[in-house]
Amino acid sequence: MKKTKQVNNDGSRLKVIPLGGLEQIGLNITAFEYEDSIVVVDCGLSFPDDDMLGIDMVIPDITYLKDNADKVKGFVITHGHEDHIGALPYVLKQLNVPVYATRLTMGIIENKLKEHNLLNHTKRKVIKFGQSINLGQFRIEFIKTNHSIVDAAALAIYSPAGTVVHTGDFKVDYTPVFGDAIDLQRFAEIGKKGVLALMCDSTNAERHGFTPSERTLSRIFDTIFHEHPNQRILIATFASNVDRVQQIINSAYKYNRKVVVEGRSMVNIIDTAMNLGCLNIPENTLITVDQLKNYPDERTAIITTGSQGESMAALSRMAGSAHRKISITPNDVIIFSSHPIPGNEKAVTKVINELSMKGAEVIFQDVHVSGHACQEEIKLIYTLVHPKYAIPVHGEFKHRKAQAGLAADLGIPKENIFMINSGDVLELGGENAQVTGKVPVGTILVDGLGVGDVGNVVLRDRQHLAEDGIMIVVLGLDSGSGQLVSGPDLVSRGFVYVKESDALMDEARILMTDVLDNCIGRGCSDWGKIKSAVKDSLGDFIWKKTKRRPMILPIIMEV
């Protein structure tokens, strides 16, 4: 690797502080701090794990940013995917700073801000590729890249301590469907001037070779439309993959089909892309779902959300016969134009099975290309940029570890490759780099309108209820004497079916009566002690009888 010279005029060091995104796919947010300035790159969400019952989404904890709010100069966004912008509306309510992004990315962000009534309260600036902005001690340059969404950007982050190149999510696509190819020349020019560190996308770092061009799918879609001239065609893909939508529409128009777009997120993004000129739809090609009945199957195609098996997405509702206006028939051909995100495989398989049981033909293979760089593209970026330090980002540990191996193969010393974790404070200077501390990080759970009001204790209760159910013990005590005047009555939910467990419930009721008589007979008037005695004795009894531990909730009423 070419030796890089770095200039550091005053001895201050650049801090790179990931606040999320380094242990998983999603939740991407990284703070760059130099003296009195902080710039934040991306602000994404992640989707809940299976054990996060009832949770809608997960957003990052920005305690560090709030504690240093006077330093934060703005959010700089690489592209418009949920794992990079989804948390912005929630975070901007706590930290009102400007947002900088390219045009389609900003268009998608503005849709979100409208939903949260933040549009008029948030300063926004659309940045062109090649343009730079000054934010405190930083200068940020947007560099053209390719991804599975239009207007994706890499960032050159200039500071007095040196330059950091952040690729964002990217691939090298020499024949993109829309716009120009990745600006490799600019990467090389920045590399020649000296780059302190490279933060590179790791998602496909385990895959050999190159990622195919998005344009290669054009022939595949044409073939599918050609081979199914008498059937209705439904294609499920990511709402944000505007280039994929463009190719589907091109094939539908070529084979004289009208196109219906179904799914709220899909409709919103396509409207935004059309308004910004990022999507070219021939006149009279789009029709509404209500107009679908006016055309025969062989004249229609439906582009829909639900490629990941999301329960409320349009395709899942069609598969479950819950969609109000579209019913699946044996004359349908359904194409999944995506790969399941890790963890979604069961949900996708469930939808495929439901569609197949309705007689539809399902096509799942070879109708997708990734939006992330494989090994040879990652090596190309490293070779052009010549970084002194490598900081693999965007992916699970195994993905980042694979990139670390590539960096070592390219000649970067192992001590200059940093496998940092969320919360680590990595200080970079011309002479050395090291992790010098940690800042508070974590996740905030969003449940309906509640943000952060569901924590670990509530989640544990939900898991407990889901696993073993609940037993409620209701009793009435005389307000004067403290004597038992009613109950104990036992109510079971999610534990056993009461009508078929009379013997168990009768035994439990007798036990509770004995426990209460014993407590009250000894003059115990402390309701807390009475409740503890009920919980302990009933819990032990149920465990011996059933080997289950339902939640036990004693309720005492004063009569």
In nm, what is the difference between 0.36 nm times the number of residues separating K193 and K350 and their Cα-Cα distance? 51.3 nm
Work out, step by step, the length gained on full extension between D506 and R264: first 0.36 nm times the residue separation, then minus their alpha carbon distance; give nm to one decimal. 81.9 nm
Nearest 10 degrees, 0 to 90: helix 456-468 Cα axis against the chain principal axis: 60
Note, ³J(HN,Hα) from phi for segment 14-28, Karplus 6.51, -1.76, 1.60, rounded to Hz, x at Gly and Pro: 8, 9, 10, 10, x, 9, x, x, 9, 10, 6, 8, x, 6, 6
Among K258/K325; K123/K171; K379/K401, the pairs whose Cα-Cα distance exceeds 24 Å are K123/K171
Using a Förster radius of 60 Å, what is the FRET efficiency between I472 and S37 based on their Cβ-Cβ separation? Nearest 0.05, please. 0.60
Quick one: which residues, 5 or more positions from V72 or on another chain, have an amide H under 5 Å from its amide H? H modelled 1.01 Å from N in the peptide plane, none for Pro or chain starts. I38
With a Förster radius of 45 Å, plug the Cβ-Cβ distance of R219 and W543 into 1/(1 + (r/R0)^6) and report the FRET value to the nearest 0.05. 0.10
Just checking my list (1) 64, 33, 18; (2) 49, 36, 20; (3) 37, 30, 23 against semi-axes √(5λ) of the Cα gyration tensor in Å computed from this structure; which label fits? (2)
Calculated P(r) tail over 11 Å for segment 71-112, as whole % of Cα pairs: 64
Residue separation times 0.36 nm, minus the C-alpha to C-alpha distance between S486 and K414: what's the value? 18.7 nm
Based on Cβ point charges of +1 for Lys and Arg and -1 for Asp and Glu, what charge dipole magnitude is obtained for the chain about its Cα centre, in debye rounded to the nearest 20? 1160
Would you give the gap between the C-alpha center of segment 29-46 and the C-alpha center of segment 258-303, rounded to a whole Å? 37
So the FRET efficiency between V289 and N134, C-beta based with R0 = 41 Å and rounded to 0.05, is 0.30
Is segment 116-226 rounded, prolate or oblate when judged by the Cα gyration tensor, a ≥ b ≥ c being the square roots of its eigenvalues, rounded requiring a/c under 1.5 and prolate requiring a/b larger than b/c? oblate
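Every number here is computed from the coordinates shown, using simple stated rules; none is lab data. Computed from a prediction, not measured in an experiment: that's the story for all the values here. FYI the Cβ positions are ideal-geometry reconstructions off the backbone, even for glycines, and counts take in every protein chain you see.
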